[in-house]
């Protein structure tokens, strides 16, 4: 079992070897705090953009109020974030720190545009309650991932396969339109992304020793925050599908 506190793990940055344990702990806490700060700023930006679109009537640019049909802008907001994730994931080594930060926040803003349509489907109270329930669950699972001594990498592979199966099931249910199947998918989705939160947190913690003291540290924190952000918003969406009150 890997020792996630040991800077001598495979791929670790040798700059941390020989550094006193107390100093490493301070550096790790600072690194994790920056990850959570980025993640929280992304969630906050998403919420602000979603509420602005929903309350200003701009949501009508995404969905036709009469027919409920999505517009071209909706599909742009739906698929553009995927391109940004791929750009950030594959181009992070060539990006400047400011570019990586801008891509992350642009991604969060586009998700906010998407989320504005949730106010057409669910009540505001239901959305708020689900958000706080998701936040509590996220914090609990992230804390578990940070503190556990158990290597979660094996679970990570299983959970990532589960994500693929989950979205295949969603596509199938688009044709079946089974309420029972939809509830089952939503419940499983919450569990999968809760597990991914713990796995991703441990992975970010481990990666600190590979980037500590290097120019990649800030960009690594942004990428780590993106992983946690994606886990959070998906857990929120599946929980809302499972427990949300529709209009």
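The values are calculated or read from the model by the stated rules, or taken from the named source; none is laboratory data. In this text, all values refer to a predicted model and were calculated from it rather than measured experimentally. Every residue, glycine as well, gets a Cβ built from its backbone with ideal geometry; the counts of neighbours run over all protein chains shown.
Here are a few things to note about the model shown:
- Any pair with Cβ under 6 angstrom, 6 or more apart, that starts in region 110-121 at a residue that is farther than 11 Å from residue 49 by Cα and ends at one that is part of a loop (DSSP other than H, G, I, E, B): 117/62
- Any hit, region 5-27, residues being surrounded by 11 or more Cβ atoms within 10 Å (Cβ to Cβ), out of contact with any helix residue (DSSP H, G or I) (no Cβ under 6 Å at 6 or more places or on another chain) and modelled with pLDDT of 95 or more: no
- Of 35, 63, 85, all but one fail to be more than 19 Å from residue 219 (Cβ to Cβ), touching a residue at least 40 places away in the same chain (Cβ under 8 Å) and touching a helix residue (DSSP H, G or I) at 6+ places or on another chain (Cβ under 8 Å); the exception is 63.
Per-residue answers, yes or no, for (1) without any contact (Cβ under 8 Å) to a residue 24 or more places away in the chain; (2) in contact with a strand residue (DSSP E or B) (Cβ under 7 Å, 6 or more places away or on another chain); (3) surrounded by fewer than 23 Cβ atoms within 10 Å (Cβ to Cβ); (4) part of a helix (DSSP H, G or I):
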| residue | (1), (2), (3), (4) |
| --- | --- |
| 181 | yes, no, yes, yes |
| 189 | no, no, no, yes |
| 202 | no, no, no, yes |
| 205 | no, no, yes, yes |
| 213 | no, no, yes, no |
| 226 | no, no, no, yes |
| 234 | no, no, yes, yes |
| 239 | no, no, yes, yes |
| 242 | no, no, yes, yes |
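- Output for region 107-121, where each listed residue is surrounded by fewer than 16 Cβ atoms within 10 Å (Cβ to Cβ) and under 17 Å from residue 222 (Cα atoms): none
- Any chance residue 33 is modelled with pLDDT of 95 or more, in a helix (DSSP H, G or I) and closer than 30 Å to residue 246 by Cα: no
Residue by residue, here is whether (1) surrounded by fewer than 10 Cβ atoms within 10 Å (Cβ to Cβ); (2) touching a strand residue (DSSP E or B) at 6+ places or on another chain (Cβ under 9 Å); (3) at pLDDT below 90 holds:
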| residue | (1), (2), (3) |
| --- | --- |
| 64 | no, yes, yes |
| 69 | yes, yes, yes |
| 78 | no, yes, yes |
| 85 | no, no, no |
| 97 | no, no, no |
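- Taken over region 122-163, the residue count meeting the criterion of being in contact (Cβ under 8 Å) with a residue 60 or more places away in the chain, closer than 22 Å to residue 223 by Cβ and either outside any helix (DSSP H, G or I) or in contact with a strand residue (DSSP E or B) (Cβ under 9 Å, 6 or more places away or on another chain) (or both) is 1.
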